[in-house]
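Asks: Let me give you the structure first, and then I'll get to my questions.
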Amino acid sequence: MKILVCLSNVPDTTTKAKFVNDNTALDTTGVQWIINPWDELALTRAIELKSDAANSIENITVITVGGKDSEPTMRKALAIGADDAVRIDAEPKDAYYVAAQIAEYVKSNPFDLIFSGIESADYNGSAVGGMVSEFLNIPSVSAVSSVNIDGGQVKITRDIDGGHEEVSSELPVLAIVQKGIAKEPMIAAMRGIMMARKKPLNVVAPMEVEVLTDVVNFELPQPKPPCKMIDPENVKELVNLLQNEAKVI
Amino acid sequence: MSVLVFTENWDGKFKKVSFELVSYASKIAEMLNTQTVALSIGNVQDDELNKLGNYGADKIVSVKNDKLNILDNQVYTSVIAQVAEKEGSKVVIIAQNNMGKALAPRLSVKLKAGLGAGVSKLPSSVEPFTVFKKVYSGKAYSNLVIKSDIKILTLAQNSFEFEENNKSASIESFEPTLNDDLFKTKVGNVEKQTGKILLTDAEIVISGGRGMKASDQWGPIEELAEVLGAATACSRPVSDEGWRPHEEHTGQTGKIIAPNLYIAAGISGAIQHLAGISSSKCIVAINTDKDAPIFEAANYGIIGDASKVLPELIQAVKEIK
């Protein structure tokens, strides 16, 4: 079985939002770039699955659409345990563009199980995974909190309103994963970091894809009024404010 | 031409989000001078379907087919696309929740329609079609132009005040084409609690963090939730410790919620936690540390031990109920 994990290279989640060029671009001064947290959990789960020989996973590939500046993030994924990496050499213009590029690669390099994170920490689109599956005309399962392999069958658990359910699917399948899929993201060991340098990172030319959306500019949220502090001896006052001022109870 | 809105029901009753979606869609239909078509998939009776008319639907397309009892993303996408085509829909509105995240991206490819994910306001213009959406997990917003002929918008939760707008909507049933080879997934075991308030649907959420000290200290949180008719949630360390199920984890990598009232007890408010709750209308923080970042995000704060403050709060709420 071959696994593909879609990765997004995003600013560290503690990055403060500041914009430049008339608020059309993020100020990347001093920004740390990381593997999108959900993608990192997906990669972790893929490696856990591969570590069990009974699952017969021959290969884990990671893929991204991005410029050369995304390569440290791909090397990190290789250090954690991916076997090879693919970088489609283009600026990720929007989710549709990114998904079309990934799907095009997969059409000539098939995989059995494709992972993507439920959301990217930058544009919060929750879109690439679902789009890739539709481009490929394969099933997708979203809100996935667990993936196991049992006798060549992929067993997926997904969250539903008020609970969860087990889903089995024909292969190939694309799993859009969220919290729960792996407990903690795996950390690269020194040996992994050394090995990562020798693992293949293939750069692929993009294809022509129409871009359907354009970001005009960014805005920062309105500053909020300061927090009203209430005496812990007078909790009734809080209830009064919630009822009569905020009108939320 | 039309604006199509995909509604969701739970056991035959529309979820609150469906009324928000229909109300939002009808406002966009007004901007485009066209009609609002609401799609319902599932076993929903006519008197329930008619409720969509109260929020501005002109027409309700009802699809009832036992093959659709389970969610298969590819199949559902095909059904929505068939209805969109039949109704000449130029805009499709879906919720930004588990269901919407599963379907909207697929539909975007199927209809070659640009996606505005997680919009929180009406479009500022329809020519060019410009939407306002959250980015960087709520730390900023972007104005996004969708250039394609058909547009898909997913509406961020609790971001739009819905209002009644009575129309006498017509109900039409529709039989989609469902080829057997489209069905590639099967659902096995289902574990589902009924009657519980859904965290993502709840108007009030009571949430506990590490400051609650241990898993057996959740009594006051559950009791306050019960007296307020609220759902319960928790911070990441709490779900990582296994004190509470991961379904309750709110924050950057957990659930993103936007209730009217969010009460954070013993939660310090790391930036990743705030990413999941910052769209709440009113935030109350209870924490022993006066410098905890949660107080910067909160509207009301109490510096104190949650295990002492919560029982008093429960008492005070009971007195007004």
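Asks: Condition (residue is open to solvent by less than 40 Å² (accessible area, probe 1.4 Å), in contact with a Cys (Cβ under 9 Å, 6 or more places away or on another chain) and at negative phi) applied to the range B:216-228: is it met by at least one residue?
Replies: So far as the range B:216-228 goes, yes, one or more of its residues are open to solvent by less than 40 Å² (accessible area, probe 1.4 Å), in contact with a Cys (Cβ under 9 Å, 6 or more places away or on another chain) and at negative phi.
Asks: Need pairs with beta-carbon distance below 6 Å; first residue more than 9 Å from chain A (Cβ to nearest Cβ) and within the range B:173-199, second basic (Lys, Arg) and in a strand (DSSP E or B); sequence gap 6+ or separate chains.
Replies: B:LEU199/B:LYS255
Asks: What number of residues within the range B:115-160 are within 23 Å of A:ALA100 (Cα to Cα), polar (S, T, N, Q) and under 18 Å from the mean Cα position of the chain (by Cα)?
Replies: 1
Asks: Being under 14 Å from A:CYS6 (Cα atoms) and either among the β-branched types (Val, Ile, Thr) or open to solvent by 20 Å² or more (accessible area, probe 1.4 Å) (or both) is the filter here; which residues of the range A:77-94 pass it?
Replies: If the condition is that a residue be under 14 Å from A:CYS6 (Cα atoms) and either among the β-branched types (Val, Ile, Thr) or open to solvent by 20 Å² or more (accessible area, probe 1.4 Å) (or both), then A:ASP83, A:ASP84, A:VAL86, A:ILE88, A:PRO92 are the ones that fit.
Asks: Tell me which residues, restricted to the range A:215-239, are open to solvent by 30 Å² or more (accessible area, probe 1.4 Å) and in contact (Cβ under 8 Å) with a residue 60 or more places away in the chain.
Replies: Within the range A:215-239, A:VAL215, A:VAL216, A:ASN217, A:GLU219, A:LEU220 qualify.
One line per residue, one yes/no per condition, for (1) touching a residue at least 24 places away in the same chain (Cβ under 8 Å); (2) facing another protein chain (nearest Cβ under 7 Å); (3) among the hydroxyl-bearing types (Ser, Thr, Tyr):
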position	(1), (2), (3)
B:ASN97	yes, no, no
B:GLY100	yes, no, no
B:SER108	yes, yes, yes
B:LEU115	yes, yes, no
B:GLY118	yes, yes, no
B:LEU122	yes, no, no
B:PHE132	no, no, no
B:LYS139	yes, yes, no
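Asks: Let me ask something else. Name, by its number, the condition in (1) among the polar types (S, T, N, Q); (2) more than 23 Å from A:MET131 (Cβ to Cβ); (3) open to solvent by 10 Å² or more (accessible area, probe 1.4 Å) that does not hold for B:SER18.
Replies: Answer for B:SER18: the failing condition is (3).
Asks: Another one. Need the failing condition index for A:ALA175 against (1) surrounded by 14 or more Cβ atoms within 10 Å (Cβ to Cβ); (2) among the small types (Gly, Ala, Ser); (3) over 21 Å from the mean Cα position of the chain (by Cα), just the number.
Replies: Among (1) surrounded by 14 or more Cβ atoms within 10 Å (Cβ to Cβ); (2) among the small types (Gly, Ala, Ser); (3) over 21 Å from the mean Cα position of the chain (by Cα), the lone unmet condition for A:ALA175 is (3).
Asks: Now for a separate question. Looking only at the range B:8-44, which residues are within 14 Å of another protein chain (Cβ to nearest Cβ) and not in a strand (DSSP E or B)?
Replies: B:GLU8, B:ASP11, B:GLY12, B:LYS15, B:LYS16, B:VAL17, B:SER18, B:GLY42
Asks: Do we have B:VAL145 as free of Cβ contacts under 8 Å to residues at least 24 places away in the same chain and surrounded by 23 or more Cβ atoms within 10 Å (Cβ to Cβ) here?
Replies: No, not satisfied.
Asks: Inspect all residues belonging to the range B:8-15 and state whether any of them is modelled with pLDDT of 95 or more and either within 16 Å of B:VAL119 (Cα to Cα) or touching a strand residue (DSSP E or B) at 6+ places or on another chain (Cβ under 6 Å) (or both).
Replies: Within the range B:8-15, none of the residues are modelled with pLDDT of 95 or more and either within 16 Å of B:VAL119 (Cα to Cα) or touching a strand residue (DSSP E or B) at 6+ places or on another chain (Cβ under 6 Å) (or both).
Asks: If I ask for residues that are in a helix (DSSP H, G or I) and free of Cβ contacts under 8 Å to residues at least 40 places away in the same chain, which ones from the range A:24-53 would you list?
Replies: A:SER51, A:ALA53
Asks: Being of a type outside the set (Gly, Ala, Ser), more than 8 Å from every other protein chain (Cβ to nearest Cβ) and assigned to a strand (DSSP E or B), is that true of even one residue in the range A:124-134?
Replies: No, every residue in the range A:124-134 fails to be of a type outside the set (Gly, Ala, Ser), more than 8 Å from every other protein chain (Cβ to nearest Cβ) and assigned to a strand (DSSP E or B).
Asks: Name the residue that is surrounded by the fewest Cβ atoms within 10 Å (Cβ to Cβ), counting only residues in the range A:38-67 that are closer than 28 Å to B:GLN272 by Cα and of a type in the set (D, E, K, R).
Replies: Checked the range A:38-67; the qualifying residue surrounded by the fewest Cβ atoms within 10 Å (Cβ to Cβ) is A:GLU48.
Asks: Among the residues of the range A:24-37, count how many are surrounded by fewer than 18 Cβ atoms within 10 Å (Cβ to Cβ) and more than 19 Å from A:VAL86 (Cβ to Cβ).
Replies: So the count comes out to 8.
Asks: If B:THR250 satisfies every condition in (1) β-branched (Val, Ile, Thr); (2) over 27 Å from A:PRO232 (Cα atoms); (3) buried (at least 21 other Cβ atoms within 10 Å of the Cβ); (4) in contact (Cβ under 8 Å) with a residue 40 or more places away in the chain but one, which is the exception?
Replies: (2)
Asks: Can you tell me which residues in the range A:152-172 are facing chain B (nearest Cβ under 7 Å), of a type outside the set (D, E, K, R) and open to solvent by less than 50 Å² (accessible area, probe 1.4 Å)?
Replies: Scanning the range A:152-172 gives A:ILE160, A:GLY162, A:GLY163, A:VAL167, A:SER168, A:SER169.
Asks: Are any of the residues in the range B:287-308 of a type in the set (A, V, I, L, M, F, W, C), touching a residue at least 40 places away in the same chain (Cβ under 8 Å) and either facing chain A (nearest Cβ under 9 Å) or crowded, with 19+ Cβ neighbours inside 10 Å (or both)?
Replies: Yes, there is a match, as at least one residue in the range B:287-308 is of a type in the set (A, V, I, L, M, F, W, C), touching a residue at least 40 places away in the same chain (Cβ under 8 Å) and either facing chain A (nearest Cβ under 9 Å) or crowded, with 19+ Cβ neighbours inside 10 Å (or both).
Asks: For the range A:6-23, give me each residue that is assigned to a strand (DSSP E or B) and touching a Gly at 6+ places or on another chain (Cβ under 9 Å).
Replies: A:CYS6, A:ASN9, listed by residue number.
Asks: Which ones in the range B:254-286 are over 19 Å from B:PRO237 (Cβ atoms), open to solvent by less than 10 Å² (accessible area, probe 1.4 Å) and within 8 Å of another protein chain (Cβ to nearest Cβ)?
Replies: B:LEU261, B:CYS282, B:VAL284
Asks: Let me ask something else about it. Quick one: would you say A:THR73 is in a helix (DSSP H, G or I), hydroxyl-bearing (Ser, Thr, Tyr) and farther than 18 Å from A:PRO92 by Cβ?
Replies: Criteria not met by A:THR73.
Asks: Another question about this same structure. Starting from residues that are among the basic types (Lys, Arg) and open to solvent by 10 Å² or more (accessible area, probe 1.4 Å), keep the ones in the range B:96-123 and report whichever is nearest to A:LEU174 (Cα to Cα).
Replies: If we take residues in the range B:96-123 being among the basic types (Lys, Arg) and open to solvent by 10 Å² or more (accessible area, probe 1.4 Å), then B:LYS101 is nearest to A:LEU174 (Cα to Cα).
The values are calculated or read from the model by the stated rules, or taken from the named source; none is laboratory data. As the structure is a prediction and not an experimental result, all values here were calculated from the model. Cβ coordinates were reconstructed from backbone atoms using ideal geometry, including for glycine residues, and neighbour counts include every protein chain displayed. Heavy atoms of the whole protein, side chains included, go into the accessibility calculation; ligands, DNA and RNA do not. Shrake-Rupley method; radii C 1.70, N 1.55, O 1.52, S 1.80 Å.
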